[in-house]
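The values are calculated or read from the model by the stated rules, or taken from the named source; none is laboratory data. Bear in mind that the values here come from a model prediction, so they are computed numbers and not experimental data. Cβ atoms come from the backbone with ideal geometry, glycine included; neighbour counts cover every protein chain shown. The protein model used for the area step is the full one, side chains on, heavy atoms only, and it has no ligands, DNA or RNA in it. Shrake-Rupley method; radii C 1.70, N 1.55, O 1.52, S 1.80 Å.
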Amino acid sequence: MADANQIIDNEVKSSDVVLFMKGTPQFPMCGFSGQVVQILNYLGVPYKGVNVLEDETIRQGIKDYSNWPTIPQLYVKGEFIGGCDITREMFQAGELQQLFTDKGIQVQQSA
């Protein structure tokens, strides 16, 4: 079996936008994950949700991978962006939309 770091690294590098979260994009299992899902859905950005509740090694492994203690965790083009608070603050300031645009990711929502 591949180790958690390899699995996480593959997930982060195989999709432009990856959200490690509790639950799924359709059924978030915590409020913080739900907030990030709402932001991404509002912006119309395609993303992959990874449910950390399905695998304890991934749940702990993502914290070690990013050196960030909480979930959810948002990655854009392989770069760790942050958790719920950082994502929300960036969204409210328009910085998240700019980040997606700068990285060549289409934002569907008009400003």
(request) Report whether or not Lys13 is within 26 Å of Val107 (Cβ to Cβ), within 11 Å of the chain's Cα centre (by Cα) and not hydroxyl-bearing (Ser, Thr, Tyr). (result) no
(request) Restrict the check to the stretch 90-109 and report whether at least one residue is surrounded by 15 or more Cβ atoms within 10 Å (Cβ to Cβ), touching a Lys or Arg at 6+ places or on another chain (Cβ under 9 Å) and of a type in the set (D, E, K, R). (result) no
(request) Would you confirm whether any residue within the stretch 48-71 is surrounded by 20 or more Cβ atoms within 10 Å (Cβ to Cβ) and aromatic (Phe, Trp, Tyr)? (result) yes
(message) Considering only residues that are open to solvent by 80 Å² or more (accessible area, probe 1.4 Å), without any contact (Cβ under 8 Å) to a residue 40 or more places away in the chain and more than 15 Å from Leu96 (Cβ to Cβ), which ones fall in the stretch 4-47?
(response) Gln6, Asn10, Gln26, Phe27, Met29
